[in-house]
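What follows is one structure encoded as structure tokens, with my remarks underneath.
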Amino acid sequence: MKESVSTLKTELTEFAHRRSSEGPYADDLDVDVLIVGAGFGGTYLLHELRKAGYRTVVYDAGTSFGGTWRWNIYPGARVDSEVPIYELPIPEVYKDWHWSTNYPDWKELQTYFAHADKVLNLSKDVAFQTVVTGAEFDTDSGKWTVTTSDGRKAKAQFLIAATGFAAKRYVPPFKGVDKYKGIIHHTSFWPNEGVDVKDKKVAVIGSGASGVQVAQEWGPEVKQMFSFQRTPNLAIPMGKKTLSKDEQDALKVTYPTIHEFRNRCFAGFHYDLCERNTFDDTPEEREAFYENLWQMGGFHLWLANYKDYLFDEKANRETYNFWLKKQRARVSDPVKRDLLCPPEPPHPWGVKRPCLEQNYFEVMDQKNVTIVDISDDSGNEIAEFTEKGIRTTDGKEYEVDVVALATGFDVVTGGLTQMGLKSINGQYLKDEWKSGISTYLGVTIAGYPNFFHVYAAHAPTLLCNGPSCVEVQGRWIRDAINMINRQSIKYVNPTDEASDQWKARIASLAAQTLFPKAKRSTYMGGSIPGKAREFVCYPAGLGTYGAEIRGCLTGFKGFDVVKA
């Protein structure tokens, strides 16, 4: 029996459920720090702030710890950053933990967070299935009042948003979607019980990371798959391998060094861009260099490449030509080959975060897979949903049993603008940011005193390994809170002038790169209709970022400081 379209969920509030009236679920909580989000950022900050002696509570919309790994449980969902880089830098957590592979899937990551929860005794301070819908700061009391979707209120001296860059899903307003009689889900609201697609006809709308991973997983088992592609994914091999307990234990003595080093690298990994420029090497040397990066797998071609390839178009084309040669060789169908690996780059290589694939190109080359070209150049697009499937503007109808909406997120900004944040000037953040983002240091926002955010706007974020970024920002926030309390400060509020200068610095840095040349990318704010097109991440690297924000902490440079 086919599932009803009513299962298509679009908002976090649809998952809210009050579990208790006690502890972190109580009415009228009054705490030192309230954190929104229980992924890597919220977990790390809860641990650090409790150690520092603060009464801290976390609100999270999910059913347990994990953040994005509670929601992104679609077929094939797997991390794109290797462990132990992609994990908490907390010895109590990693000393007895062992991964099965260098690129864990969502199931293993949920188990990892359950382990961290147990070891650190975290859940006693967390209200799960709790969705924040309002937050307002009172300058007289120096406290935030936070409201949840079920009407609870909590007060806190400090409010921290650890909601991540992908907290608000984007579901395009497709015409007729309510008519469709098959099964349809956004990849980030995938049902826990999964969806049986064996021998069925399916559609994947979108070719970003989730689209690639779903296609890889579904292709071998479905009767027919239609991949609706607007932009080809310039994906690279993951290099997944199994890990033994012994090899991990032997490496753990170096974990503190690895975790410290990742905070100084451009993208928060344990390797960095090459010190040479592309044309410093001969063609033969370049070929050998690229081949070595390719064989190492993962993000090496992206983040250990020549230092100029993200700045110089000719240098970038050399990387694209190498990628093209490698991936076109894996596709036998000439039409698909040109759609997946076009001779002319759709955008400079690496200005969109590459997806790590395992057998994507071989799967797309299968006879049971059809690529539906809905690119701007094709003149074709999705016109509407019908009872049986999807109709495109060229008049074709694709009858399918299951649809995966791999249509992404309101990246970087959505997690903050959906919380109902209201400034001391009486405006809502969702309205203030309609014309563009404004932050100071990528951790604070003018008009929102004693409010901090991690892994979101104007920080390294999408250019960075998540746990690395939240560690650097989390330490800064912890130290800022310590300084505020030890110096008898009521609250700090970034100035408009400092915020304008920070935004101008990010724009200036981005303008020197090739990143703005991508028509649609997460780095330019995504592809939400009507959203301001601007560079949303700090592009000079995590090491530089950490040093820069640290320089503003002493004396709270760029902040209005109000004493208690």
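The values are calculated or read from the model by the stated rules, or taken from the named source; none is laboratory data. Please read all numbers here as calculations on a predicted model, not as lab measurements. Here the Cβ is made from the backbone with ideal geometry for all residues, glycine too, and neighbour counts use every protein chain on show.
If I go through region 484-540 residue by residue, how many of them are within 21 Å of residue 470 (Cβ to Cβ), outside any helix (DSSP H, G or I) and of a type in the set (Val, Ile, Thr)?
Residues in region 484-540 being within 21 Å of residue 470 (Cβ to Cβ), outside any helix (DSSP H, G or I) and of a type in the set (Val, Ile, Thr): 2 in total.
When the residues of region 53-69 are narrowed to those that are of a type in the set (Phe, Trp, Tyr) and either part of a strand (DSSP E or B) or under 18 Å from the mean Cα position of the chain (by Cα) (or both), which ends up surrounded by the most Cβ atoms within 10 Å (Cβ to Cβ)?
65
So if I check each of 499, 423, which one is closer than 30 Å to residue 261 by Cα and either modelled with pLDDT of 95 or more or not assigned by TED's automatic domain parsing to the domain that holds residue 47 (or both)?
499
Against the condition farther than 23 Å from residue 203 by Cα and either assigned by TED's automatic domain parsing to the domain that holds residue 147 or in a loop (DSSP other than H, G, I, E, B) (or both), how does residue 395 come out, does it pass? Lay out the reasoning, then the answer.
Details: farther than 23 Å from residue 203 by Cα: no; either assigned by TED's automatic domain parsing to the domain that holds residue 147 or in a loop (DSSP other than H, G, I, E, B) (or both): yes.
No.
In region 156-182, what residues are of a type in the set (A, V, I, L, M, F, W, C), assigned to a loop (DSSP other than H, G, I, E, B) and under 17 Å from the mean Cα position of the chain (by Cα)? Reasoning before the result, please.
Pass one, region 156-182, residues of a type in the set (A, V, I, L, M, F, W, C): 156, 158-162, 165-167, 171, 174, 177.
If we keep only those that are assigned to a loop (DSSP other than H, G, I, E, B) too, we end up with 162, 165-167, 171, 174.
Passing the criteria: 162, 165, 166, 167, 171.
Tell me which residues, restricted to region 258-306, are under 19 Å from residue 80 (Cβ atoms), polar (S, T, N, Q) and either in contact with a Lys or Arg (Cβ under 8 Å, 6 or more places away or on another chain) or in the same structural domain as residue 354 (by TED's automatic domain parsing) (or both).
Passing the criteria: none in range.
Just checking, how many residues over region 144-171 are surrounded by fewer than 24 Cβ atoms within 10 Å (Cβ to Cβ), more than 15 Å from residue 413 (Cα to Cα) and either touching a helix residue (DSSP H, G or I) at 6+ places or on another chain (Cβ under 6 Å) or of a type in the set (Lys, Arg) (or both)?
Qualifying residue count for the region: 4.
Residues checked against (1) exposed (fewer than 15 other Cβ atoms within 10 Å of the Cβ); (2) modelled with pLDDT of 95 or more; (3) within 20 Å of the chain's Cα centre (by Cα); (4) not assigned by TED's automatic domain parsing to the domain that holds residue 415:
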residue: 26; (1), (2), (3), (4): yes, yes, no, no
residue: 31; (1), (2), (3), (4): no, yes, no, no
residue: 36; (1), (2), (3), (4): no, yes, yes, no
residue: 44; (1), (2), (3), (4): no, yes, yes, no
residue: 51; (1), (2), (3), (4): yes, yes, no, no
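Could you tell me whether region 469-481 includes any residue that is part of a loop (DSSP other than H, G, I, E, B), modelled with pLDDT of 95 or more, assigned by TED's automatic domain parsing to the domain that holds residue 143 and β-branched (Val, Ile, Thr)?
Step one: list which residues in region 469-481 are part of a loop (DSSP other than H, G, I, E, B), which gives none.
No: region 469-481 contains no residue that is part of a loop (DSSP other than H, G, I, E, B), modelled with pLDDT of 95 or more, assigned by TED's automatic domain parsing to the domain that holds residue 143 and β-branched (Val, Ile, Thr).
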